[in-house]
1. Spin-label point model (7 Å from Cα, Cβ direction): what's the Gln159 to Val28 distance in nm?
2. Any chance you could look up the accessible area of Arg92 with a 1.4 Å probe, heavy atoms only, rounded to 10 Å²?
3. Would you kindly derive the ³J(HN,Hα) couplings of the range 36-46 from the backbone phi angles with the Karplus curve 6.51 cos²θ - 1.76 cosθ + 1.60 (θ = phi - 60°), listing them in order in whole Hz, with x for Gly and Pro?
4. On a 1.4 Å probe surface of the protein chains, which of Thr145, Thr2 comes out largest in accessible area, and what is the full order?
5. Read phi for every residue in the range 143-155 and hand back ³J(HN,Hα) as whole Hz from Karplus 6.51 cos²θ - 1.76 cosθ + 1.60, θ = phi - 60°, with x for Gly and Pro.
6. Give me the Kirkwood hydrodynamic radius of the range 118-157 in Å, from all C-alpha pairs, to one decimal place?
7. How high is the FRET efficiency from Gln41 to Met1, r the C-beta distance, R0 41 Å, rounded to 0.05?
8. Excluding same-chain residues fewer than 8 positions from Lys22, which aspartates and glutamates have a Cα within less than 20 Å of its Cα?
Amino acid sequence: MTRLAYDMAAFLWRALLAGKDKENGVEVLHEEKKVWVNSAQYGYDLAMGMMLDAMNYAGVTPHRCILVFEGMHSKRRRQAIDSGYKAGRESRPPQAYEEYQKAIAMMEQAWKAVGACSMRQSFVEGDDILGYLAHHAECRLVIATFDNDMLALSGTNPQGHQVDVWVDGRVNVNKYGDFAFKHVTLYKALVGDSS
């Protein structure tokens with residue numbers, strides 16, 4: 001049996017930031033720059049297509065899928081340790097976050113209606129939930145994401161089950177170099193990552 005766990009923040013932001021929704025998108029002023037904000041429906045449609053690609057790879061139906069969302073205040077614990085945690089990231093206008101929240105609601109409703117389940121935990125990032133699932137899975141688990149850092153989870157978990165990481169259509173491919181997946185975190189800590 002196989003289960004598929006989606007990194008929903010990765011899927012939804014990738015979809016909402018791709019291209020230009022000419023029908024329902026809007027241009028807004030953010031930090032003295034004009035920024036285009038795509039609609040939740042646009043993001044939903046693109047994300048759904050990408051999610052179906054991952055589902056086809058894993059060979060599962062929706063009732064074997066887990067949608068993993070960021071918990072409320074997900075970065076607070078890490079920011080309490082390091083106030084600069086993810087501080088250098090590009091900011092987005094409030095309208096983008098509104099569309100993101102709408103897309104989350106649409107996606108969760110649609111997938112739950114066909115048997116999928118969802119997970120989130122307050123004060124916990126989605127990546128940490130995916131790490132927990134990978135460590136404790138009692139069957140083969142495919143993690144679908146666009147975050148190459150998740151490759152560190154590839155391999156056999158303590159229960160003896162395979163964990164595969166699907167990144168943008170490629171499975172268990174280490175873009176950082178020819179070394180073991182478990183060293184991805186060490187590589188990023190020592191060398192850094194332009195993304």
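The values are calculated or read from the model by the stated rules, or taken from the named source; none is laboratory data. In this text the structure is predicted, and so the values were computed from the model without any measurement. Cβ coordinates were reconstructed from backbone atoms using ideal geometry, including for glycine residues, and neighbour counts include every protein chain displayed. Surface accessibility is based on the protein's heavy atoms, side chains included, excluding ligands, DNA and RNA. Shrake-Rupley method; radii C 1.70, N 1.55, O 1.52, S 1.80 Å.
1. Computed distance between label sites Gln159 and Val28 equals 4.1 nm.
2. 70 Å²
3. Running phi through 6.51 cos²θ - 1.76 cosθ + 1.60 with θ = phi - 60° gives 8, 10, 7, 6, 4, 4, 4, x, 4, 4, 5 Hz.
4. Largest to smallest exposure gives the sequence Thr2, Thr145.
5. 9, 9, 7, 10, 9, 4, 4, 5, 4, 4, 8, 5, x
6. 10.9 Å
7. 0.75
8. Cα-Cα hits under 20 Å: Asp45, Glu98, Glu99.
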